[in-house]
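See structure below.
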Amino acid sequence: MSGLKGIKTIRDFELKDKRVFLRLDLNVPLANGVISDETRILASLPTIKYAVEKGAKLILASHLGRPKSAEDKSQSLEGVGKRLAELLQMEVMLVEEPDSEATKALLVGLKKNQIILLENVRFHSGETQDSMEFAQALAPLADIYINDAFGASHRAHATIHALPSLIKEKGIGFLIEKEIQMLDQLLDSPKRPYIAILGGAKVSDKIAVFEKLIDLVDGFIIGGAMAYTFLKAKNISIGKSLVENEKLNYAREMMARVEARNKSFLLPVDHIVASSLHETTGEVTTSVTIPDDKMGLDIGPKTLVQFSEAVKGAATLFWNGPMGVFEKKAFSKGSFGLAAAIAESKGIKIVGGGDSAAAAEQSGFASQMTHISTGGGASLEYLQGDKLPGLEVLRTKIR
Ligand code: AMP
């Protein structure tokens, strides 16, 4: 079943001269105040442009980072507003007090080439508390509410959840529509063979997704730090590698269940190791075992060949979590090499946001993926089968 059932999209509304509250995810990374990756801004443009073309009076809203208070100007959306103005060739007016009379007046008199951008909604404590009071202050600004903030839709926050509950006309934008359609391809009769590549820091973060995928996929490929918990569960020496000792039993049980279902479960057969996380060079192990004084920080070359071979023939691929500490050049070959192999595969290739999205971008193969999610947490929760509060509130109840 489509995850979008009962949810309207922006196309379903007559937008001309309507005040449209558009919740976006403009939560971009900043390095010394400068936007270091504008993917989320670019991903928001189609919905903004559509609304502008249809003659809407637009109020954009987003969060940025985790500010402690409105005094935390390092988390201001000012820079994002400037970039939006350049990209849209429009005047973007940053508004600090959304519920003031001045803002309402501004909105009424909004000209064709102007849009309003509310300052970081997390400057108001009510945002993360899903405060009805904060939502009630914002609701009079809008005739129509549109959520296109996929990366924030797994959070019951005021502009995602409480606010749309107060507005009758509501729906999603093009980004959420695409994200859900892509993720649904991983859930509803996926093309086979279907391989899930899971990596990253911890097994515990991915248990729910393992549980969901175990009956859907034909095989798993496991890399990153989480592979060491599985290797240790098989009594293989992993030296000082990161491990979750309290998950060893789960790892054993999980591998037995995969085997009982006749599915493949690929673990690293060699590694790039170093004596600590602070090292900037690594060495290749000759076998699967890791010396006592070393830790595994990336998959090794033999593993990369095996993993690459396994993804080649897949018709559906889902990748979540890097194969190693890809942030450092010495430990990035596994993640970047795998990105290259995924890119070459002819199947549907979906990258589940967060660090794997960053690894895909840095590998240079991002444009060859079918879809790279803009929301790491949201895409995992959706795949796990969790209900996303930001979507559920928009769904018409089917009796
Ligand atoms: P996650 O958020 O669970 O996808 O984890 C991503 C993080 O896991 C990245 O910051 C990687 O540097 C880290 N990581 C991946 N492999 C390893 C490893 N072998 N040892 C330590 N950290 C790792």
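The values are calculated or read from the model by the stated rules, or taken from the named source; none is laboratory data. Bear in mind that the values here come from a model prediction, so they are computed numbers and not experimental data. Here Cβ is always computed from backbone atoms with ideal geometry, including for glycine, and neighbour counts include all displayed protein chains. With ligands, DNA and RNA removed, areas are computed over all heavy atoms of the protein, side chains included. Shrake-Rupley method; radii C 1.70, N 1.55, O 1.52, S 1.80 Å.
A compact table of results
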read-out: Derived scalar couplings ³J(HN,Hα) [the stretch 198-208; Karplus, 6.51 cos²θ - 1.76 cosθ + 1.60; whole Hz; x for Gly, Pro]; value: 10, x, x, 6, 10, 5, 4, 6, 10, 4, 4
read-out: Cα-centred dipole magnitude for the chain, charges only on beta-carbon of K, R (+1) and D, E (-1), debye, nearest 20; value: 980
read-out: Loop-resident sites, the stretch 216-255, for GluC sites (Glu not before Pro), counting at most 16 other Cβ within 10 Å (DSSP); value: none
read-out: Accessible surface of the stretch 183-290 [probe 1.4 Å, protein heavy atoms]: carbon and sulfur percent; value: 49
read-out: Residue among L22, L186, L138 with the largest mean-square fluctuation in a Gaussian network model of the chain, springs linking Cα atoms under 10 Å; value: L138
read-out: Of A256, A162, A378, the one that fluctuates the most in a GNM where the chain has Cα springs shorter than 10 Å; value: A256
read-out: For the chain, the spread of Cα positions along each principal axis, largest first, Å; value: 70, 49, 37
read-out: Rg to Rh, two decimals, where the stretch 330-399 supplies the alpha carbon set and Rh follows Kirkwood; value: 1.13
read-out: Positive-end residue, the chain charge dipole about Cα centroid, Cβ charges, pick of L118, L187, G79; value: L187
read-out: Cleavage-rule hits (GluC sites (Glu not before Pro)) in the stretch 68-119: DSSP loop, at most 16 neighbouring Cβ within 10 angstrom; value: E71, E96
read-out: Dimensions (Å) - the stretch 228-357, Cα atoms, principal axes, largest first; value: 41, 36, 27
read-out: Hull volume in cubic angstrom per residue (convex hull over the Cα atoms of the stretch 111-187); value: 116
read-out: Highest-MSF residue in the chain out of S379, S276, S36 [GNM, Cα springs under 10 Å]; value: S36
read-out: Average accessible area per residue (Å²) across the chain - probe 1.4 Å, nucleic acids and ligands excluded; value: 44
read-out: Approximate shape of the stretch 144-280 as ellipsoid semi-axes (Cα gyration tensor, √5λ), whole Å, largest first; value: 37, 20, 13
read-out: Kirkwood Rh and Cα Rg combined as Rg/Rh, the stretch 1-128; value: 0.97
read-out: S62 - accessible surface, heavy atoms, 1.4 Å probe, Å² rounded to 10; value: 0
read-out: Inverse of mean 1/r across different Cα pairs in the stretch 22-95, Kirkwood, Å; value: 12.9
read-out: Surface share of carbon and sulfur [accessible, 1.4 angstrom probe, percent] for the stretch 1-47; value: 52
read-out: Solvent-accessible surface (1.4 angstrom probe) belonging to K294, in square angstrom, nearest 10; value: 40
read-out: Rounded to 10°, Cα long-axis angle of helix 78-88 versus longest principal axis of the chain; value: 80
read-out: Exposure of D72 as accessible area (Å², to 10), given a probe of 1.4 Å and all protein chains; value: 50
read-out: Computed helical MRE - 222 nm, the chain, DSSP H runs ≥ 4 contributing -39500 (n - 2.57), nearest 500; value: -9500 deg cm²/dmol
read-out: Assigned charges on the beta-carbon of Lys, Arg, Asp, Glu; the stretch 215-311 dipole about Cα centre (debye); value: 260
